[in-house]
Amino acid sequence: MPATAPMMSVEELAARIPDGAHLALSKDDSGTAIALIHAMIRGGVKNLHVVYVPVGGLMADLLIGAGCIATIECSGVSFGELGLAPRFRDAVQSGAIRIKDATCPAIYAAVQAGERGIPFTPIRGILGSDVLSYRDDWKVVDNPFAAGGGDPIVLVPAINPDITFFHARWGDRYGNVWVGKRRELATLAHAARETLVTVEDLYDGNLMTDETLVAGTISSLYISGVAHVPHGAKPLNLDGCYDIDRKHIRDYIREAQTVEGFAAYLDRTVFGNKVAA
Amino acid sequence: MAFSREEQLICVIARMLEGQRNISVGTNSPIPAAAALLMERLTDGWARPLLLGSSRHYPANDGGVEFHDRAAQGRVDVFFLGGGQIDGEGNINLVGIGAYPKMKVRLPGSFGSAFLYLTVPRVILFREEHSARVLVPKVDFISAAGWSPPGVFRRGGPYALITSMAVFFYDKDRHRFRLDYVHAGNSVDDVRANTGFDFDLASPVRETPPPEPDRLALIRGEIAAELAHLYPKFAAEKLGYTAAAANV
């Protein structure tokens, strides 16, 4: 019988993320740890280097607006059809944060290389893009296996972040967490040195020995802290539990157009201060 | 039968999807998504749409990387790209306007374009705004290149460019667009006046055919209902789909 893993609070998870940490975080989709983002902002973490795997949305805009991020690496930050990300836009236009532009599959491939313990990985496409011209950490070599030489191909360095975190549907008392089809969360956990997880529900049993759930489970071997946080992804979605609150996001985008509006949003939503009407 | 601009564009795109099977659509693309769902319906499920951002229309379960790995293998037949700027050689810019990195106008970013433009055989460029601001002589930042020199692995690239005014096809050998259709109410001169790059003319340039009535009926019915799962606001406002409009 494996040892049971103690639950932490979301504030304890946030406290494990030091200033200057190198994070890699999944895109805003089912399983975004918004409650943990709020706790990080309350804790005042600074100078983070964040790789969004492969794109950012609300959690990127919140951390940027709150001044937590020094460098962002991503293939895009937006709210899709709901609108553009105002704090991201302003921070890049003013130079307040450093940006390393990428393209989605290059980030996935780099995290997969991290998972495999190899220093880099080749990837097709990208040649001719200015994304490549501005990335002095990406290289182009000729395919060593090409008959007759030639066949240039891009190499990207592996990504092994200090920490990744996300919100999962279930966690069990042994520290295993179930992410289902969100397999990139498992890839991230395998590549990261530490993985922190907030979970929607507690699972009464061992996820690693349940034949129907084990393929969607991440072993506690990779996980250094779990907090039970119902509704931990809201106002974003958690598939099977709740949908994205589109009105909340539209209102956020409108309010966060200005620094003052963003501060008022944080005050109300993150710091929980009552605001006079 | 009267039709809207959006309905017209859905039908224009659908005609370019005939015979295409694995039709993938990026985020924030309700019109291409509607065209893909229409083709699935018209082919009784032979055509397989994959809508990024959807859990309902996403036939993949091995993480975000699976879609890109499929494209790398040549298993994605069609994809759609747009651009804050698109130039006459088919280069697209999704990063911003001005000098990189502190740009005058920062856009979201390149997403998968730098990779998908080279690995997907048929990429349809779709941008509703037809103006000299968008269709420029040369993009400020190449998110993805319209063509590649000999010796570079490239499975595909730009196939056509569809806007609210016109349809251009791309000549892969000459790296240039050719104007083939103008939508009703626009002339070749209108297109020229609103296009910042030089382009060729088909002979003749035709008027875009109106939506097929049977397809229009499907779009307003079944397709709108299906699309509303991912794009409730678009389905409600542009296709008149009013059920389940609570969370738009």
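The values are calculated or read from the model by the stated rules, or taken from the named source; none is laboratory data. Predicted, not measured: the structure shown is a model, and the values here were computed from it. Glycine gets a Cβ as well: all are built from the backbone with ideal geometry, and neighbour counts include every protein chain shown.
Please work out which residue is nearest to A:ILE249 (Cα to Cα), limiting yourself to segment A:193-224 and to residues that are in contact (Cβ under 8 Å) with a residue 60 or more places away in the chain and under 16 Å from the mean Cα position of the chain (by Cα).
Selected residue: A:THR198.
Among the strands (runs of 3 or more DSSP E) confined wholly to segment B:20-117, which include 3 or more residues that are of a type outside the set (Phe, Trp, Tyr)?
Once the strands (runs of 3 or more DSSP E) in segment B:20-117 are filtered for at least 3 residues that are of a type outside the set (Phe, Trp, Tyr), what remains is B:22-25, B:48-51, B:85-87.
Only residues that are facing another protein chain (nearest Cβ under 7 Å) and of a type in the set (A, V, I, L, M): list them for segment A:75-84, please.
A:VAL77, A:LEU84, listed by residue number.
With the condition kept exactly as written, say whether any residue in segment B:231-238 is closer than 21 Å to B:PRO32 by Cβ, touching a Phe, Trp or Tyr at 6+ places or on another chain (Cβ under 9 Å) and part of a strand (DSSP E or B).
no
Taking segment A:4-48 as the search range and keeping residues that are among the hydroxyl-bearing types (Ser, Thr, Tyr) and part of a loop (DSSP other than H, G, I, E, B), which one is farthest from A:ASP162 (Cα to Cα)?
Once the filter is applied, the top-ranked residue is A:THR4.
When segment B:126-136 is examined, which residues are found to be over 16 Å from the mean Cα position of the chain (by Cα) and not in a loop (DSSP other than H, G, I, E, B)?
Answer for segment B:126-136, where residues must be over 16 Å from the mean Cα position of the chain (by Cα) and not in a loop (DSSP other than H, G, I, E, B): just B:VAL136.
Select from segment A:160-173 the residues that are more than 17 Å from the chain's Cα centre (by Cα) and surrounded by fewer than 20 Cβ atoms within 10 Å (Cβ to Cβ) and list them in ascending order.
A:ARG173
When segment A:92-105 is examined, which residues are found to be more than 7 Å from chain B (Cβ to nearest Cβ) and in contact (Cβ under 8 Å) with a residue 40 or more places away in the chain?
A:ALA102 - this is the single residue of segment A:92-105 that is more than 7 Å from chain B (Cβ to nearest Cβ) and in contact (Cβ under 8 Å) with a residue 40 or more places away in the chain.
Matching residues to (1) buried (at least 24 other Cβ atoms within 10 Å of the Cβ); (2) within 21 Å of B:GLU66 (Cβ to Cβ); (3) at pLDDT below 95:
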residue: B:MET1; (1), (2), (3): no, no, yes
residue: B:GLU6; (1), (2), (3): no, no, no
residue: B:CYS11; (1), (2), (3): no, no, no
residue: B:ASN22; (1), (2), (3): no, yes, no
residue: B:THR27; (1), (2), (3): no, yes, yes
residue: B:ALA36; (1), (2), (3): yes, yes, no
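Please verify whether A:LEU155 is surrounded by fewer than 23 Cβ atoms within 10 Å (Cβ to Cβ), among the hydrophobic types (A, V, I, L, M, F, W, C) and at the interface with chain B (Cβ under 8 Å from one of its Cβ atoms), treating the condition exactly as stated. Write out each step before concluding.
Numbers: surrounded by fewer than 23 Cβ atoms within 10 Å (Cβ to Cβ): yes; among the hydrophobic types (A, V, I, L, M, F, W, C): yes; at the interface with chain B (Cβ under 8 Å from one of its Cβ atoms): no.
The answer is no for A:LEU155.
Among the candidates A:GLY44, A:GLY80, A:GLY20, which residue alone is out of contact with any helix residue (DSSP H, G or I) (no Cβ under 9 Å at 6 or more places or on another chain) and closer than 20 Å to A:GLU260 by Cβ?
Criteria check complete, one pass: A:GLY44.
Checking the structure you have, find out if any residue of segment A:135-146 is touching a strand residue (DSSP E or B) at 6+ places or on another chain (Cβ under 8 Å) and buried (at least 22 other Cβ atoms within 10 Å of the Cβ).
To start, the set of residues in segment A:135-146 that are touching a strand residue (DSSP E or B) at 6+ places or on another chain (Cβ under 8 Å) comprises A:135, A:137-143.
This time we only want the ones that are buried (at least 22 other Cβ atoms within 10 Å of the Cβ), so: none.
Within segment A:135-146, none of the residues are touching a strand residue (DSSP E or B) at 6+ places or on another chain (Cβ under 8 Å) and buried (at least 22 other Cβ atoms within 10 Å of the Cβ).
Taking A:LEU202, is it surrounded by fewer than 19 Cβ atoms within 10 Å (Cβ to Cβ), modelled with pLDDT of 95 or more and among the aliphatic types (A, V, I, L, M)?
Details: surrounded by fewer than 19 Cβ atoms within 10 Å (Cβ to Cβ): yes; modelled with pLDDT of 95 or more: yes; among the aliphatic types (A, V, I, L, M): yes.
Yes; evaluated as a whole, the condition is true for this residue.
Working carefully through the options B:VAL139, B:VAL167, B:VAL123, find the one that is in a strand (DSSP E or B), within 12 Å of another protein chain (Cβ to nearest Cβ) and at pLDDT 95 or above.
On inspection, the qualifying residue turns out to be B:VAL123.
Between residues in segment A:121-144 that are more than 7 Å from chain B (Cβ to nearest Cβ) and modelled with pLDDT of 95 or more and residues that are exposed (fewer than 14 other Cβ atoms within 10 Å of the Cβ) and assigned to a loop (DSSP other than H, G, I, E, B), which pairs lie under 9 Å by C-beta distance while being six or more apart or on different chains?
A:PRO122/A:ASN143; A:ASP142/A:GLY149; A:ASP142/A:GLY150; A:ASN143/A:GLY149; A:ASN143/A:GLY150
Of all the residues that make up segment B:34-60, how many are over 25 Å from A:ILE126 (Cα atoms) and either within 9 Å of another protein chain (Cβ to nearest Cβ) or under 16 Å from the mean Cα position of the chain (by Cα) (or both)?
Counting residues in segment B:34-60 that are over 25 Å from A:ILE126 (Cα atoms) and either within 9 Å of another protein chain (Cβ to nearest Cβ) or under 16 Å from the mean Cα position of the chain (by Cα) (or both) gives 7.
How many of the residues in segment A:28-69 are of a type outside the set (A, V, I, L, M, F, W, C), within 14 Å of chain B (Cβ to nearest Cβ) and out of contact with any Cys (no Cβ under 7 Å at 6 or more places or on another chain)?
Residues that pass the stated criteria total 7.
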